[in-house]
Amino acid sequence: MKSRYNIVLIAVIVLGFVCSLWLNLTRHTIEQKNDTVEMSMEYENLRRLAALEGLPENVVLEKFKAAGVNTIMIFDTTLNRLAKHGVIDLATEEELRDQLALGGKGGVFAPAVEQNLIQTNAAYIAEKEDKETFSDVLEDLALRYGKERVKLIAEQPRRVAMVLGSTSIIPEYRYDEPFGVLQAPLGLPRADMRRVAAAGFNVAIRPQNYVGVNEEKIDAIFKRVADSGVKVHAYMPCGKEVIGYPNKIGYMGKKMQEHKMNLIMLEHYTQLRFANIDGIVELSEANNYNASRSYVIDELEQKKITVGTALHRWAITDEERNIRVNYLRPFFLPRDGKDLMTLNLEYVKNIRDNVKARGYKIDKAGVFADNKVADYAPYFPNKLYFLPIVAAILAGVTMYLSLVFGLSKSKELMVWAALTAVGCGIMLVGRGLLLRQMLALVAAVVFPVLSMNVIFDIWDKNKKSDTGVVMIIVHGMWQLALAIALSLVGAAFLSGILTDTRFLLEIDIYRGVKLTFMLPIILVAMLYVQRYKILQQLTSKMDHPVAALNKLADKSLTFKHVAILLVLLIVLLYFVGRSGHTGGVPVPAIELKMRAFLEQVMYARPREKEFMIGHPAFFLAVMAAYRMAPRLWQFALVCAAVIGQGSLVQTFCHMRTPVIMSFVRALDGYAVGVVFGIVGVLFFAATLPFVMEFKRRYLNQ
């Protein structure tokens, strides 16, 4: 079956491609302007480091500021933390009873003893020099627990209060268990915010949500910030809920907009979307998508890895995943013969230097904003710009259907017109999110197959079987370049139709990653079988494909067939398991080393599926086509070759990755794939004569 292309459909695809290039260029401009990275650390971690090293806090803050940290994260304080830092006196009911048993009279907590208020499940706090902080504590306790659980039992000579609640201590990493009153969050400490701001840092806050949250409680957070006199520029959720969840998220977003606060969204440990925090999507919407992506190495995981491994992760984080808040945790155990301060300062400096080396500035986190708007506004292109892309993708679908089912030109136009009318109609209603996601999937799987069909047209023009190795390599190089160029048309459609702030933040994501790997193989197999009448050849050249398939199904299975199917099944499971983020198939150590090497020598590390499987298979398919190899061998190699085409388009499914990096990754994959392909051709050219001789002598006897 000779290929044929409808000139109208080609014109539609060209028009849609031009429109997609414009959208991709706009996206690139927005990504380029988002060029500031925030280097942040937790105040409590720096305090802990100062205590371990026996250094004053102000000295530690100064050193880390010089090393590159520009933002300090402030959490809600706790009774334990305030007592540890000497801001309040704290005792539990058990501690007071022990003191009384030894003949004591309660000390500063004597009013509790005198009023016979020593009871189980109670904690007692007493004011010290910082009267403001003690007032904050009383206010926070009333907001968190209710006024009925907090009782002021003395005002002179200093205030003493009792708070009812469990005083059990839970390890801080046990986030799935409730904390008692000693560890439970209270409110933001004004003194801490002032201290870090005075040291020259930006301040970001991480308060936890209230039980029974209401507008009064949300207002209390912003009042505390206002009373501190510190300009807080960002809020990062802490715990399992955003402030305002479940029914006051809109109000929280309104307050954030009034104070021009950025929302920091922590990336999920799978590097897909963000941590599971209830209400975070709704809050980003309420804050008009004024949000930035953040990355942190998990605390427990960081204890297990080396400093070098941690640095390797940070080396590509900002550029590859559009991370704009580097959330750094210090190492608390000496390594490599260095004390903690030296170790951590070098660690931070290395990350800072890498950020700058990649062209970013250290400042408040950047956001994805409409480059046409002077003040901040999210980027959402006019839906009319999507319509030519919708028409172009559906033209590609129609073209594939025509190749498989032999539609006439008039039927092609009828099918395309019907699909486009429905698609454009849906696109104009609402956001058209599901349609955009579906069309992105279609573009990712159809255009790699169409690119391979163009290559089939080229191969069919070859009428001789003695093409030399050098010419096979030359043909392989330019034909692979052509196939990649045509596949990138689909990639441009995918990227263009998904471009907006929600996708760049991964609030919305591409759906069907594993299908993107498998469907091109299935579709190219169907196309190849129909084009070259494979079923008819296997079944005595019967005319009808259905009858041919029926006769093929009647054939007896041998052990050889079962063995081949088993091998293919294992390969398929491994292939799919390695896709996505959570397949569970481990990566060999040698592959990790190869990845690290390619990351160092290339702008964007190419994907193994391209340069180790797809592109070498493409060269071997060229060799098979020009040497007139059996059709089934060509078929197998073509199915392997399309893996590379599908993979390079699938790269664009990760909208968090800058679009220019995805294009360059495809080119880098071509460069490395050519090397592997040439090696493969030379190897088979050298060994095939020996294999054929072995087969002639021993297997055909």
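Database remark: amide H of Glu38 closer than 5 angstrom to the amide H of Val325, Asn326, Asp363, Ala365, Gly366 (H placed geometrically; neighbours at sequence offset of 5 or more, or on other chains; Pro and chain starts carry no H). Rolling a 1.4 Å probe across the protein heavy atoms gives region 218-280 an accessible surface of 42 Å² per residue. Beyond 26 Å between alpha-carbons counts as too far, so tell me which of Lys151/Lys223; Lys231/Lys254; Lys147/Lys260; Lys411/Lys464 fall in that bin. Exceeds cut-off: Lys147/Lys260; Lys411/Lys464. Can you give me the distance in nm between label points at Asp98 and Met438, each placed 7 Å from the Cα along the Cα-to-Cβ direction? Here the modelled spin labels are 6.7 nm apart. Each residue of region 638-643 is assigned a 3J(HN,Hα), and the resulting list reads 5, 4, 6, 5, 5, 4 Hz, derived from the Karplus form 6.51 cos²θ - 1.76 cosθ + 1.60 (θ = phi - 60°), x at Gly and Pro.
Nonpolar atom fraction for region 241-352, defined as the carbon and sulfur part of the 1.4 Å probe accessible area, stands at 48 percent. Which of the lysines could be linked to Lys128 by a straight reach, that is with a Cα gap under 17 Å, when you skip same-chain ones fewer than 8 residues away? Here the lysines satisfying the reach criterion relative to Lys128 are Lys84. A viscosity of 0.890 mPa s and a temperature of 25 °C, combined with the Kirkwood radius over Cα pairs in Stokes-Einstein, give a translational diffusion coefficient for region 232-315 of 177 µm²/s.
Could you compute the FRET efficiency for Val373 and Ala226, with r as their C-beta to C-beta distance and R0 at 41 Å, rounded to 0.05?
Values: r = 28 Å, r/R0 = 0.68.
After rounding, the FRET efficiency stands at 0.90.
Cross-link partners for Lys514 among the lysines, with Cα-Cα distance under 27 Å and sequence neighbours closer than 8 places in the same chain left out: Lys593, Lys609. Residues whose amide H comes within less than 5 Å of that of His233, counting only those at least five positions distant or on another chain, are Val203 (H built at 1.01 Å from N in the peptide plane). Helix 387-405 and the long axis of the chain differ in direction by around 40°, with both axes built from C-alpha atoms.
In terms of solvent-accessible area of protein heavy atoms at a 1.4 angstrom probe, what is the ranking of Asp375, Asp339, Asp192, highest value first? Mind dumping the intermediate values first?
On the way: Asp375 110, Asp339 70, Asp192 15 Å².
Result of the area sort, largest leading: Asp375, Asp339, Asp192.
Give me the extension gain from Arg194 to Ala671: residue separation times 0.36 nm, minus the current Cα-Cα distance, reported in nm with one decimal. Provide the component values of the computation, followed by the final result.
On the way: separation 477, 0.36 × 477 = 171.72 nm, distance 5.39 nm.
Residue separation times 0.36 nm, minus the Cα-Cα distance, leaves 166.3 nm.
Restricting region 357-427 to trypsin sites (Lys or Arg not before Pro) that sit in a DSSP loop and have at most 11 other Cβ atoms within 10 Å of their own Cβ leaves Lys372. Using the Cβ-Cβ distance between Lys464 and Lys240 with R0 = 51 Å, the FRET efficiency computed as 1/(1 + (r/R0)^6) comes to roughly 0.15.
Sorting 669-676, 205-212 by average packing, meaning the other beta carbons within 10 Å per residue, from highest down gives 669-676, 205-212.
Label positions at Ala481 and Phe683, each projected 7 Å from the Cα along the C-beta direction, are separated by 2.5 nm.
Rolling a 1.4 angstrom probe over the protein heavy atoms with all chains in place gives region 1-134 an accessible area of 47 Å² per residue.
Could you order peptides 435-444, 626-635 by the average number of other Cβ atoms within 10 Å of their residues, highest first?
Values: 435-444: 23.1, 626-635: 15.8.
My ranking of the peptides, most packed first, is 435-444, 626-635.
The 1.4 Å probe gives accessible areas that order His233, His28, largest first, as His28, His233. For Asn116 and Lys147, a Förster radius of 25 Å and the Cβ-Cβ distance give a FRET efficiency of 0.70, rounded to the nearest 0.05.
The values are calculated or read from the model by the stated rules, or taken from the named source; none is laboratory data. The model shown is predicted, which means the values in this text are computed figures rather than measured ones. Positions of Cβ are backbone-derived with ideal geometry, glycine not excepted, and every protein chain shown enters the neighbour counts. In case anyone asks, the SASA skips ligands and DNA or RNA and just uses the protein heavy atoms, side chains included. Shrake-Rupley method; radii C 1.70, N 1.55, O 1.52, S 1.80 Å.
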